[in-house]
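Reviewing the structure listed below.
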Amino acid sequence: MKDLEELIAKCEKNGKSYDDIDLSDARELTESDFDRGQFKYYKPAKKMISFRIDIDNLSWLQSVGKENCQTRLNEVLRWARMNNCPLK
């Protein structure tokens, strides 16, 4: 999407309106663009917090690598929220 936004800005700077821009070579959005409930270039605001987590849950999150543990936890929480999982 960033490339498309840059193309639009460049074309408008050169005197073309959005309606006059040829988007025939822009790719179509697919289901995979929505797989994680967000666009590929979506970057939500983040906030630093601290909390305690059970060791078994932490081990499960780290089972495929410690470097992306926070990202996986965030994806799990987002999936639960987007799928209306109850909190109780």
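Values quoted throughout were computed directly from the atomic coordinates according to the rules given, and no laboratory measurement underlies them. Source: prediction; values computed, not measured.
Quick notes on this one:
- Stretched out straight at 0.36 nm per residue, the stretch from Ala45 to Arg27 would grow longer than its current Cα-Cα span by 3.8 nm.
- Using 0.36 nm per residue and subtracting the Cα-Cα separation, the extra length available between Arg72 and Leu58 on full extension is 4.0 nm.
- Debye log10 I(q)/I(0) at q = 0.13 Å⁻¹ for the chain, Cα point scatterers: -0.68
- If the chain linking Glu5 and Cys85 were pulled fully straight, counting 0.36 nm for each residue of separation and taking away their Cα-Cα distance, it would gain 25.3 nm.
- Computed [θ] at 222 nm, deg cm²/dmol, the chain (DSSP H ≥ 4; -39,500 (n - 2.57); rounded to nearest 500): -12000 deg cm²/dmol
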